[in-house]
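What follows is a single structure, written as structure tokens, with notes after it.
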Amino acid sequence: MICDANAATVDRSKAVSTCGQLWDGALFTVVKVGGASYITLHGSEGEEIGAPVMGRGNCGVGLDGRFFKIVNGAVTLQKGFLLTVDVTPNDAIITVTDSGGETVDPVSGNAKQFLLKGIGDTYTVTATKAGYTTEAKQVKNTGDQTFTIVMKATA
């Protein structure tokens, strides 16, 4: 069964499949697009997280290209997704927090990029700069994305 390598136990009765391979139903789900079935992730609460990007695995199984990569014939699951914040003015300070209030550190060397790990989870992106109104917006982690914030100058 394909599962999290760190899983202590896996419930085989909840497994999902499209071609005979068993995937841990605690992490994965099957969606149908145009009559074809694809393995994708579901959010931490089990909810769907948008339409899959169709791709094929190493045995022909349909995989959601947002979450799976094939490197040298091996299927790998991304460790997270890159959130790039495009903010105006561009020297504003960006902070990102998860739903528990924990700060997400920026990617090394880029204060405007963050690796979000909770697939389907909601994060708060806050932009601050003296002379501008602080902007705080929510973003749902559904894959690599660019999020735009335009701050307003204070009077």
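The values are calculated or read from the model by the stated rules, or taken from the named source; none is laboratory data. Fair warning: this is a prediction, and the values are worked out from it, not measured in the lab. Neighbour counts are summed over all protein chains in view; Cβ atoms, including those assigned to glycine, are modelled from backbone coordinates with ideal geometry. Remember, those area values only see protein heavy atoms, side chains included, never the ligands or the DNA or RNA. Shrake-Rupley method; radii C 1.70, N 1.55, O 1.52, S 1.80 Å.
Based on the Cβ-Cβ distance from Asp105 to Ala5, what FRET efficiency comes out when R0 is 35 Å, to the nearest 0.05? Present the calculation step by step, with values, prior to reporting the outcome.
Numbers: r = 23 Å, r/R0 = 0.67.
For R0 = 35 Å, the calculated efficiency reads 0.90.
Restricting the calculation to Cα atoms, every distinct pair contributes to the Kirkwood radius of the chain, found to be 17.3 Å.
About its Cα centre, the dipole of the chain is roughly 340 debye, where the only charges are +1 on Lys and Arg Cβ and -1 on Asp and Glu Cβ. With kT/(6 pi eta Rh) evaluated at 37 °C and eta = 0.692 mPa s, and Rh the Kirkwood radius from Cα pairs, segment 65-155 diffuses with a coefficient of 233 µm²/s according to Stokes-Einstein.
Computed over protein heavy atoms with a 1.4 Å probe, the accessible surface of the chain works out to 57 Å² per residue.
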